[in-house]
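The values are calculated or read from the model by the stated rules, or taken from the named source; none is laboratory data. Computed from a predicted model, the values in this text were never measured in an experiment. Neighbour counts are summed over all protein chains in view; Cβ atoms, including those assigned to glycine, are modelled from backbone coordinates with ideal geometry. Heads up: the accessible areas ignore ligands, DNA and RNA and are worked out on the full protein's heavy atoms, side chains in. Shrake-Rupley method; radii C 1.70, N 1.55, O 1.52, S 1.80 Å.
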Amino acid sequence: MHRHDPSALLLDMDGILFHGDQVLPGAAAFLKAIAMVPHLFVTNNPIRSPEEVADHFVALGLPRPDLGRILTSAQATADWLMRVKSGFRYFAVGATGLHRELARVGTPDPVAADFVVVGEGPGLDYEQLTIGINLILNCGARLVATNPDSTVDATRDGHHLLLPGGGALVAPFAAATGVTPTVIGKPEPLLYQMALQRLNCAAEACLMVGDRPDTDIAGAERLGMWTALVRSGRYAPGAPWPDGLPKPDWDLDDLSGLLAVLRGRWPGWL
């Protein structure tokens with residue numbers, strides 16, 4: 001596939017711009033450099049609403065992004081379900097951010113749901129699992145996951161912590177029903193496609209910046225996007241590249257290094 005010089009960017013956030021409550025090196029300068037360039041912040045995290053994401057930027061001392069520049073997997077899931085079935089009914093398991101997004105366009109219904117939607121955060125217990133699998137097996141509800149991550153990074157009392165991700169939380173539903181879930185978040189194409197549509201940009205003219213080879217880079221590469229891995233998150237500097245995954249166009253330790261490379265390749269763009 002022929003690629004054009006990039007004219008827009010997609011950026012993951014956690015592991016790229018910040019770790020929990022800590023701003024990562026080069027984040028502020030990178031955000032300033034791309035301020036006039038079409039860009040979108042895309043995240044597999046369905047817990048925070050766009051408003052909460054923007055508030056988090058401000059709390060960290062970063063410029064507040066326009067809400068239209070933020071696309072979460074919860075938003076993308078709700079919008080995709082609306083496209084599949086207008087006025088849909090759903091049963092959701094996950095944090096309040098997911099429930100808010102789904103309620104914006106659908107109606108909760110634990111008896112006759114069209115979709116069983118699983119996201120991240122608290123909410124999964126024996127009763128919720130029982131309701132969900134019976135909706136799938138007896139009512140024909142479709143199983144949907146906001147994202148496939150098996151674990152996600154977090155901080156607690158200043159220490160790094162791994163939490164179960166969307167992939168881990170949807171797994172019991174899939175195991176109990178034998179149904180493969182429809183997955184919205186990276187590396188599946190739906191989140192990328194919605195982001196590209198919002199930017200009005202072709203995949204081959206967009207650069208994806210992420211910190212995970214298995215989601216950010218693999219998914220973007222499949223669509224023919226430019227890709228840059230920044231090793232400030234899950235994937236540490238010096239770690240060997242995972243077998244079987246496509247390598248990015250750029251592999252750098254932090255955003256400062258990426259900014260220097262992009263300015264050298266396309267002077268005047270950033």
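Packing, taken as the mean count of other beta carbons within 10 Å per residue, orders the peptides 53-64, 259-270, 215-226, 97-108 from highest to lowest as 215-226, 97-108, 53-64, 259-270. For Asp243 and Ser150, the FRET efficiency from 1/(1 + (r/R0)^6), where r spans their Cβ atoms and R0 equals 25 Å, is about 0.90. Couplings 3J(HN,Hα) for segment 188-197, derived from phi with the Karplus relation 6.51 cos²θ - 1.76 cosθ + 1.60 (θ = phi - 60°), are 5, x, 4, 4, 4, 4, 5, 5, 5, 5 Hz, where x marks Gly and Pro. Within the shell of other residues whose beta carbon sits under 10 angstrom from the beta carbon of Ala168, the net charge comes to -2, with Lys and Arg scored +1 and Asp and Glu -1. Amide H contacts under 5 Å for His19: Leu24, restricted to partners 5 or more places along the chain or on a different chain, H placed in the peptide plane at 1.01 Å from N. What is the Cα centroid distance between segment 189-246 and segment 133-167, reported in whole angstrom? Centre-to-centre (Cα) distance: 21 Å. The modelled label-to-label distance between Cys139 and Val111, using points 7 Å beyond Cα along the C-beta direction, is 0.9 nm.
A cut-off of 5 Å between modelled amide H atoms, ignoring neighbours fewer than 5 places along the same chain, links Asp149 with Gly166, Gly167. Entry note, the chain: relative contact order of 21 percent, from Cα contacts under 8 Å with a spacing of 6+ residues.
Please compute the per residue accessible area over the chain with all protein chains in place, 1.4 Å probe, rounded to a whole number of Å². Display every interim value, and only then the final one.
Values: 11770 Å² over 270 residues.
Solvent-accessible surface per residue comes out at 44 Å².
For Val179, the amide hydrogen comes within under 5 Å of no other amide hydrogen, counting only partners 5 or more places away or on other chains and with H modelled in the peptide plane. Within the accessible area of the chain, the carbon and sulfur atoms contribute 54%, probe 1.4 Å, all protein chains present. Taking θ as phi - 60° and the Karplus parameters 6.51, -1.76 and 1.60, the scalar couplings of segment 255-268 work out to 5, 4, x, 5, 4, 5, 5, 5, 5, x, 6, 10, x, x Hz in sequence order, x denoting glycine and proline. At q = 0.11, 0.16 Å⁻¹, work out log10 I(q)/I(0) for segment 66-139 with the Debye formula, treating every Cα as an identical point scatterer and leaving solvent out; two decimals please. Debye intensities relative to I(0), on a log10 scale: -0.26, -0.54.
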